[in-house]
C-alpha cells in the first residue's frame, strides 16, 4: 500500500540558561479521500482488485491541493523553523515499511500595495552628550521613508537630517534589522540581526548633513511572518548616529517585506487621470458645435481669372497620343469649375 501524505511542521527550540523547552508542532493535511494501493507480488489464483506490477521501476504521479486558508511562509531561524514535507510510504505485509520525504517551500502572499503599507512614516530623536560635569549641545536625527512595504531586491530611499551641536565628530548610519520572535508555553525568545547597512560622511561639530533619498538595498530574505502564533519575523529600518565615547542615537522605522512588488503606476492612476481630464476641458470651448460651410467657389474666382488665357507649354508626344490631343484641352474644359456644394457632400 502506497500512502502519500503532506505535513507542515513548526519546530521551536527555546533554550534558557537553566531550563530547556523543546516544542514540535505538526499539522497533517488530509488531502487524500482514499489510499491508493498496489500489490507488487501476488500468488496465482488469488482474486484481488489490485494492480499487479512487474519487478522494476514504476512511477505514480500524485497531486495535492493546498488548503485555502493562508499558510505560514517557510522559514529557518535561530531557535525554530517552519517546514513543509511530502512523505510517501510503501506499506508491505510482513515487511518493514519504506518511506521517503521531500521538503518544499511555501511563500505567503503579502501585497506591498496595500493602503496601510503605502503611507509614509517618519520619526525624530534628540540626545544631549555630556562628559562628567560638562554638557555639550544636542545631537538630533530626523528620518523619513515614503512607504513601509518593500520586496527583496528593492532599494529603500532614506530621507534624513542630522544636526551636530555637540563638540564631537559623529557618523550617520542606517541598517535593516530582522527580528525573530518565538512564542511557546508562555515563554518568549527574541533574536535580532543586521542584514544590510549603509553609512554617510562624518559630521563635524556645529555642522549639519542631510540624506535626500540615500539608497539601502534589501538583500534576499524571508518575507515578513506576521500571522503565525508561535513564530514572528519582523523587519525595521534603523537610522542612527555613531557618537565616540557615548551610546549611539537611534530611531527605528517599521518595515514589511512582501512578495507582491510595488506598482508605482497603479498608485498614481487616479491623480494622472484627473489631471489629464482637467487639461482637456478647454476643447469644449475651442471647438464650435456646428462647423461652418466653406465659401462658394464662384465667389473666390473673379471674372478676370476666368477670362485669362492659359500660357502654352510644349507637350510630350506620348501624352498627346494617350489623350488623343493636347492635354491642355482637357484642363481648359474644367478650368475654374466650382466643386460640389458642401451640403451635397
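Throughout, read-outs are computed from the coordinates displayed, never taken from laboratory work. Everything numeric here is computed off the predicted structure, so don't read it as measured data. A quick note on method: Cβ atoms are made from the backbone with ideal geometry, for glycine too, and the neighbour counts reach across all protein chains shown.
Pull out a ≥ b ≥ c, the square roots of the eigenvalues of the alpha-carbon gyration tensor of region 115-265, then state rounded if a/c is under 1.5, prolate if not and a/b is larger than b/c, and oblate in the remaining case. Since a/c reaches 1.5 but b/c is at least a/b, the shape of region 115-265 is classed as oblate. Peptides 117-124, 236-243 ranked from most to least packed give 236-243, 117-124, packing being the mean of other C-beta atoms within 10 angstrom over each peptide's residues. Going from the residue with the fewest nearby Cβ atoms within 10 Å to the one with the most, 250, 194 rank 194, 250.
Cβ crowding within 10 Å, taken as a proxy for footprinting-reagent exposure, orders 128, 188 from fewest neighbours to most as 188, 128. By the count of neighbouring beta-carbon atoms within 10 Å, fewest first, 130, 224, 264 end up ordered 264, 130, 224. Here the gap between residue 179 and residue 119, fully extended at 0.36 nm per residue and compared with their Cα-Cα distance, gives a gain of 19.4 nm.
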